[in-house]
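Read the figures in this text as sums done on the coordinates, not as results from a lab. Bear in mind the structure is a predicted one, so any value in this text is a computation, not a measurement. So basically every Cβ, Gly included, is an ideal-geometry build from the backbone, and we count neighbours across all protein chains shown.
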Amino acid sequence: MRLTGKTAIVTGGGSGFGEGIAKTYAREGANVVVNDLNGAAAERVTSEIALAGGKAIAVQGDVTQSDDWQRLREAALEDFGSVQIVVNNAGTTHRNKPVLHVTEAEFDRVYAVNVKSIYWSVQHFVPYFREAGSGVFINVASTAGVRPRPGLVWYNGSKGAVIIASKALAAELGPDRIRVNCVNPVMGATGLLTEFMGAEDTPENRARFIAGIPLGRLSTPEDIANACLYLASDEAAFITGVCLEVDGGRCV
């Protein structure tokens, strides 16, 4: 088991990529704090981890709010005593549409969930990791921040911000033995798929997007979880500031 003795917080852990990351971490021996805005979804994932023999707690909360991050940290420390890994996976998008059709409310929500959440994670966990002597952040960005698609301008921009911030954090926090890495998934069959496509999820519409992925399929939660597992493990002890594309060749 590659994460035995470690505790990991996974935001957006109630479904999709986050669920895959949480379950993979638990299978590899980590104590997992499953955070989600949807408390029932977080509880479901936690229950399934427990049934599989793992250890997890569910903490409902909004990653755009400082007070919810404080509660998340306190719950993790109360139940597990320490935290070694924070996975900033929670994310959202505006629907694929022309840039002038994106409302201010949609813009604000995308940047709050995708970017400000990482600001709050840093505010609440960098002091803790400094005192502990080390720590790991893994930020789930997107190939949209590397090779943007039309119709997703502000989502693309938010993920570009995550990528650059991750690299800057790695440079600044390296002397504190705090590693910061990034994973860039290509489009996957998650709850946001229809929003990314800007159309219904039909075989024809999927085929249109898959045509741009050399390995010929969408990403899966397991694909993303395996990358996040490596970056969280001691095998990646000398890796920081990396943005790993898990994209079937989309960004080649």
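Suppose the chain between TYR128 and ALA237 were pulled fully straight at 0.36 nm per residue; how much longer would it get relative to their current alpha carbon spacing?
Net length gain for the segment: 37.4 nm.
Rounded to whole Å, give me the distance from the Cα center of region 9-64 to that of region 74-136.
So the separation of the two Cα centres works out to 15 Å.
Using only the Cα atoms, what convex hull volume per residue in Å³ does region 20-126 have?
In region 20-126, the Cα convex hull volume per residue is 108 Å³.
Taking the Cβ of GLY53 as the center, what net charge do the other residues with Cβ under 14 Å away carry, scoring Lys and Arg +1 and Asp and Glu -1?
+1
About its Cα centre, what dipole magnitude does the chain give when the only charges are +1 on Lys and Arg Cβ and -1 on Asp and Glu Cβ, stated in debye to the nearest 20?
580
Would you mind calculating the gained length between ASN226 and ALA171 on full extension (0.36 nm times residue separation, minus the Cα-Cα distance), in nm to one decimal?
17.4 nm
Tell me which of VAL59, THR103, VAL153 sits at the most positive position along the dipole axis of the chain, charges placed on C-beta atoms (Lys, Arg +1; Asp, Glu -1).
So the residue we want is VAL153.
If neighbour count is taken as other Cβ atoms inside 10 Å, put ASP201, ASP36, ASP68 in order from fewest to most.
Working: ASP201 11, ASP36 29, ASP68 20.
Least crowded to most crowded, the residues run ASP201, ASP68, ASP36.
Placing +1 on the Cβ of each Lys and Arg and -1 on the Cβ of each Asp and Glu in the chain, which of ASN35, LEU77, GLY241 has its Cα farthest towards the positive end of the resulting dipole?
So the residue furthest toward the plus end is GLY241.
Scan around ALA56 for amide H atoms under 5 Å from its own, H built in the peptide plane at 1.01 Å from N, and keep only partners 5 or more places away or cross-chain.
VAL32
Given only helices, namely DSSP H runs of n ≥ 4 each adding -39500 (n - 2.57), what is the per-residue ellipticity at 222 nm of the chain, to the nearest 500 deg cm²/dmol?
-13500 deg cm²/dmol
Sort MET1, MET187 so the one with the fewest other Cβ atoms within 10 Å of its own Cβ comes first.
Fewest to most other Cβ atoms nearby, the residues stand as MET1, MET187.
What number comes out for the charge environment of ALA236, summing +1 per Lys or Arg and -1 per Asp or Glu over other residues with Cβ under 14 Å away?
Neighbourhood net charge equals +1.
Tell me, in nm to one decimal, what length is gained between ARG2 and ALA207 on full extension, where the rule is 0.36 nm per residue of separation less the Cα-Cα distance? Each step should come with its number before you reach the end.
Numbers: separation 205, 0.36 × 205 = 73.80 nm, distance 3.62 nm.
Extending this stretch completely gives an extra 70.2 nm.
Considering the options SER166, LEU215, THR46, tell which one lies farthest towards the positive end of the dipole of the chain, charges being +1 on Lys and Arg and -1 on Asp and Glu at the Cβ, about the Cα centre.
Checked the options; the winner is LEU215.
What do you get for the angle between helix 117-132 and the principal long axis of the chain? Use alpha-carbon atoms, 0 to 90 degrees, nearest ten.
Helix 117-132 sits at roughly 20 degrees to that axis.
PRO214: net charge of surrounding residues, Cβ under 11 Å, Lys/Arg +1, Asp/Glu -1, itself excluded? Spell out each step's value before the answer.
Values: positive: ARG217, ARG250; negative: ASP247.
That sum, taken over residues with Cβ under 11 Å, equals +1.
Rg and Dmax of the chain, Cα atoms, in Å?
17.2, 52
Cut-off is 10 Å between beta-carbons; in what order do HIS101, HIS124, HIS94 appear when sorted fewest neighbours first?
On the way: HIS101 10, HIS124 18, HIS94 23.
Ranked by crowding around the Cβ, least crowded first: HIS101, HIS124, HIS94.
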